[in-house]
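A.B. asks: The structure is given below, and queries will be raised subsequently.
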Amino acid sequence: MDTSLFPYQRIVIVGSTGSGKSTLAHKLAEKRGLDYIELDALYWEPDWIGAPRDVFRARVEQASRAPGWVSAGNYGMARDILWPRAQAVIWLDYPFLTVFWRLLRRTWQNWRTKAVLWNGNREKLSREFKLWSDESIFHWLVKSYGRRRREYPKLFSRLEHRHLKILRFATPAEAQAWLNKIEEVGLEI
């Protein structure tokens with residue numbers, strides 16, 4: 001692929017929980033030969049314990065020193081590390097029901113197959129479906145969805161983020177079509 005048509009080598013992918021950030025970041029990194037930074041993998045310790053802030057930030061700092069990478073995640077405590085280094089941000093801004101169904105399918109699949117996630121963690125339906133609990137990823141989706149949709153346009157317009165090329169995809173099909181074009185002929189974003 002002619003990389004002059006796709007010049008960005010440090011890319012942040014953001015969006016609601018369950019929108020497909022990690023999947024898109026992994027595919028894009030693979031297509032471009034870039035490092036893949038999965039922020040969840042840097043944050044979650046065994047037994048779903050979050051890493052201490054300084055430990056997590058040090059991990060992000062180290063991972064983002066590479067000349068080229070694609071990161072997936074919304075961690076505000078790492079934004080001041082990643083965004084100044086990034087050249088582009090891809091925002092997966094999908095409708096709530098789309099994200100909810102994708103999250104439900106992913107959670108069910110991970111639980112059913114006993115998939116090992118970050119640092120030995122596995123999905124636990126007993127935790128995830130406690131919709132009133134902060135431990136539930138569905139509770140987190142409901143809690144954070146509207147806030148993220150209000151927050152990102154404001155963040156993108158801030159002076160310190162003006163260097164970033166912003167791509168917003170409103171549907172998974174739109175993001176997939178864009179990814180397919182990159183694979184076929186390259187795409188200037």
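The values are calculated or read from the model by the stated rules, or taken from the named source; none is laboratory data. What you see is a predicted model; the values in this text were computed from it and never measured. Positions of Cβ are backbone-derived with ideal geometry, glycine not excepted, and every protein chain shown enters the neighbour counts.
A.B. asks: Residues being assigned to a loop (DSSP other than H, G, I, E, B), modelled with pLDDT of 70 or more and surrounded by 12 or more Cβ atoms within 10 Å (Cβ to Cβ): count how many of those fall in the range 123-157.
C.D. replies: Matching residues across the range 123-157 total 4.
A.B. asks: Right, something else. Looking at residue 13, is it touching a helix residue (DSSP H, G or I) at 6+ places or on another chain (Cβ under 6 Å) and within 19 Å of residue 155 (Cα to Cα)? Step through it out loud before you land on a result.
C.D. replies: Working: touching a helix residue (DSSP H, G or I) at 6+ places or on another chain (Cβ under 6 Å): yes; within 19 Å of residue 155 (Cα to Cα): yes.
Yes: the conditions hold for residue 13.
A.B. asks: Could you look through the range 99-116, keep only residues that are out of contact with any helix residue (DSSP H, G or I) (no Cβ under 7 Å at 6 or more places or on another chain) and either of a type in the set (Val, Ile, Thr) or not in a helix (DSSP H, G or I) (or both), and pick out the one that is surrounded by the fewest Cβ atoms within 10 Å (Cβ to Cβ)?
C.D. replies: First, pick out the residues of the range 99-116 that are out of contact with any helix residue (DSSP H, G or I) (no Cβ under 7 Å at 6 or more places or on another chain): 101-102, 104-106, 108-110, 112-116.
Imposing the further condition that a residue be either of a type in the set (Val, Ile, Thr) or not in a helix (DSSP H, G or I) (or both) reduces the set to 113-116.
Details: 113: 10, 114: 8, 115: 12, 116: 10.
Applying the filter and picking the extreme gives 114.
Residue by residue, here is whether (1) free of Cβ contacts under 8 Å to residues at least 40 places away in the same chain; (2) aliphatic (A, V, I, L, M) holds:
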| site | (1), (2) |
| --- | --- |
| 46 | no, no |
| 53 | yes, no |
| 63 | yes, yes |
| 77 | yes, yes |
| 89 | no, yes |
| 96 | no, no |
| 102 | no, no |
| 109 | yes, no |
| 118 | no, no |
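A.B. asks: May I pose another question? Being over 24 Å from residue 175 (Cα atoms) and in contact with a strand residue (DSSP E or B) (Cβ under 6 Å, 6 or more places away or on another chain) is the filter; apply it to the range 44-82 and report the residue that is surrounded by the fewest Cβ atoms within 10 Å (Cβ to Cβ).
C.D. replies: Result: 66.
A.B. asks: With among the hydrophobic types (A, V, I, L, M, F, W, C), within 17 Å of residue 89 (Cβ to Cβ), touching a residue at least 60 places away in the same chain (Cβ under 8 Å) and surrounded by 18 or more Cβ atoms within 10 Å (Cβ to Cβ) as the only criterion, which of 34, 39, 24 stands out?
C.D. replies: Values: 34 fails: touching a residue at least 60 places away in the same chain (Cβ under 8 Å); 39 fails: touching a residue at least 60 places away in the same chain (Cβ under 8 Å).
24 is the lone residue from the list that is among the hydrophobic types (A, V, I, L, M, F, W, C), within 17 Å of residue 89 (Cβ to Cβ), touching a residue at least 60 places away in the same chain (Cβ under 8 Å) and surrounded by 18 or more Cβ atoms within 10 Å (Cβ to Cβ).
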